[in-house]
1. Restricting to segment 214-233, and then to whatever is surrounded by fewer than 22 Cβ atoms within 10 Å (Cβ to Cβ) and within 17 Å of GLY194 (Cα to Cα), can you tell me which residue is farthest from the ligand (Cβ to nearest atom)?
2. Under 7 Å by Cβ, and 6 or more places apart or on different chains, what pairs join a residue from segment 243-261 that is open to solvent by 10 Å² or more (accessible area, probe 1.4 Å) with one that is in a strand (DSSP E or B) and within 16 Å of the ligand (Cβ to nearest atom)?
3. Within segment 315-350, can you find the residues that are away from the ligand (no atom under 16 Å from the Cβ), open to solvent by less than 10 Å² (accessible area, probe 1.4 Å) and in a helix (DSSP H, G or I)?
4. Within segment 385-403, restricting attention to residues that are within 14 Å of TYR105 (Cβ to Cβ) and part of a strand (DSSP E or B), which residue is least open to solvent (accessible area, probe 1.4 Å)?
5. Are there any strands (runs of 3 or more DSSP E) wholly within segment 117-184 with 1 or more residues that are crowded, with 18+ Cβ neighbours inside 10 Å and basic (Lys, Arg), and if so which?
6. Right, VAL376: more than 27 Å from ARG89 (Cα to Cα) and either within 16 Å of the ligand (Cβ to nearest atom) or part of a loop (DSSP other than H, G, I, E, B) (or both) or not?
7. Could you tell me which numbered condition GLN98 fails, if it satisfies all but one of (1) more than 16 Å from the ligand (Cβ to nearest atom); (2) touching a strand residue (DSSP E or B) at 6+ places or on another chain (Cβ under 7 Å); (3) open to solvent by 10 Å² or more (accessible area, probe 1.4 Å)?
8. Do we find a residue being free of Cβ contacts under 8 Å to residues at least 60 places away in the same chain and touching a Ser or Thr at 6+ places or on another chain (Cβ under 8 Å) anywhere in segment 354-361?
Amino acid sequence: MPRLHVHCKTLFTGLEDLVRHDQALTIEDGLFTYVGPRDGVPQPLPGEQVIDTGEYFVMPGLVDVHTHLVFGNAKSEEDIDLHVSPEFRALRGLFFTQHVLAAGYTSVVVPGDAGQCSIAVRNAINGGLFSGPRIAASSNVIANRQSLNDWFPSWVGTPDYFTGRLCATREEQVGEIRRQAKDGVDVIKIAMDGTHLRPNGEHIAAFTQDETHGMVEEIHRLGKKAAVHAYGREAVLYAAKAGVDVIFHGFFMDDACIEAMLESGSHLAPTFTMLANNVEFAEDYEPSTRCGYAAMQRRVIDVGCRNLRRAREAGVPFMTGSDSGFAITPYGEWHARELEILVDWLGFTPAQALRAATSVSARMMPATQPVGALEVGRRADFILVDGSPLANVSILQERERIRGVYLGGRRVDAQVPGYDPFKVSDFNTLKWSELHTRQRAIEMGKRPARQLV
Ligand SMILES: [Zn+2]
C-alpha cells in the first residue's frame, strides 16, 4: 500500500487535552509514520494518496472495553445461554460488529462469552475474511457458586455453552485459565461479586483473596489481561490487591479500594451506561415485571457516583465501556453514552472523557494491536466527526456525525442493514407477562364488574 497523507484542520491525538490545528498524518503499512504540523510533513510523492478532512474533527477510533459481542441484544440470561447455539452466536456477533464500527468504535473488548465465539469472530476479521473492529476476545467468565454468571440453579449446572464456567476449586480455576489461554483468548474475566450478604448489607466476594491472587497471577503469567465484574467493596478490594487490569463497575468501593487500585495500577471502567438506560427506559415496565431492577439500579447510581468521584479525584485511571449486547443496550447505539456520563456525573472534562475512551481504554487491547492514539508507530485507526466532541461530547452518540471510519489507514464503510430482532434474539418461550384472573379481566374492561359478585 503506498503512503497515505491526511491533512487535518483539527486533530485530537488521544494523548493530550488540547486540540492541534493544521496538522498532517502519514500512514504506511497501516501504521502512523508522521503525526505533526502540516509544514513539517514530507511532501507527497507522485502516486501517493492525499485526503483532506476539511472541517471534520479528526480523532482516534473509539474503544469500548465492555461489549458483549455475542449476546445478541439478549432480553434475559436464558436468551444468552439456552436458546442460541454457539455457532449462531458467532455469526450474529460478526454481523453486529458492523453496527459497532459504524458508531465510530474501531476496537472492542469482549468481557466474557461462551466457548470460542468471540475468538472466532476476531480470527475471521484478523484473517482478512471480513472487515470489522479490532477485538480483544475472551471465553467463559470464571464463576463460583453464587457469583454472577452462575445464574442457573445448581441442578442445571454450567454446561460448556453457558457464559459462565463454574470453577469452585483452585485446580478448576487454574485449569480453566490454561484452557482459555490455549484457545487463544486475549482477556479473562472473573465474576468477583457474590450474592451472599453480611448482616450490614455488604456483598461477600465470590472468591477469597488467595483465590483471586492465584487466578490473576496465572492469567498474567500466561500473558493475558485480567478483568473482573465487581460492584461490592470486598470484591473490588481483592481484585485491586491482586493487580487485575480492569475492574468493571466498582460502585461500592471505599478508600482502601482506591488506595489498592492506585498501588496496583488497576483501571476502573464504571460501565454506567447499562444502569442509565435501565433507569431511563425500563422504569415503565417495572410494575409488570415487579423485579425492582430499575429502582435498584437507581440506588446503585447514587452511591456509585459518590464513590467513583472520589476515585477519579484520587487519580484512578478510567476506561469506557457500555455493556452493549443486551436489549437495553443494543449494538452500535449507546457505546458513546458512557463519555457523556463521565462528564455529567463524574466531573470529567470532555477531553478527559475522550482520552479515557481512546488511549486509556486501548490499554486493554492486545500488545500486538497498539491503538487508541494518533501517534507514530500505532495502528492508523481514526474517525472523522462532524462537530467538536470537546464542545459537546454527546454528539459522538449521533451516528450520522461519524463521517469516516479508518482502520489501519483504510476507509471502511460498515454495512448496517436493518434486522428483525425477534429473528436474531428473544427465542424465549414466554407467552404471558401477567396473571389473567377474572379480576384482571374486569380491570382490562373485558368483563363487566358485576360478574365477580
Ligand atoms: Zn457486562
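The values are calculated or read from the model by the stated rules, or taken from the named source; none is laboratory data. The structure displayed is predicted, hence computed values, not measured ones. Ideal geometry is used to build each Cβ from the backbone, glycine not excepted, and the neighbour counts take in all protein chains shown. The area values use the complete protein model at the heavy-atom level, side chains included, leaving out ligands, DNA and RNA. Shrake-Rupley method; radii C 1.70, N 1.55, O 1.52, S 1.80 Å.
1. Here the answer is ARG233.
2. Between residues of segment 243-261 that are open to solvent by 10 Å² or more (accessible area, probe 1.4 Å) and residues that are in a strand (DSSP E or B) and within 16 Å of the ligand (Cβ to nearest atom), the close pairs are ASP245/LYS225; ASP245/ALA226; ASP245/ALA227; ASP245/HIS267.
3. LEU339, LEU342, LEU346 - these are the residues of segment 315-350 that are away from the ligand (no atom under 16 Å from the Cβ), open to solvent by less than 10 Å² (accessible area, probe 1.4 Å) and in a helix (DSSP H, G or I).
4. Ranking the qualifying residues of segment 385-403, first place goes to VAL385.
5. Per the criteria, 134-136, 164-166.
6. yes
7. Only one criterion is unmet by GLN98, namely (2).
8. yes
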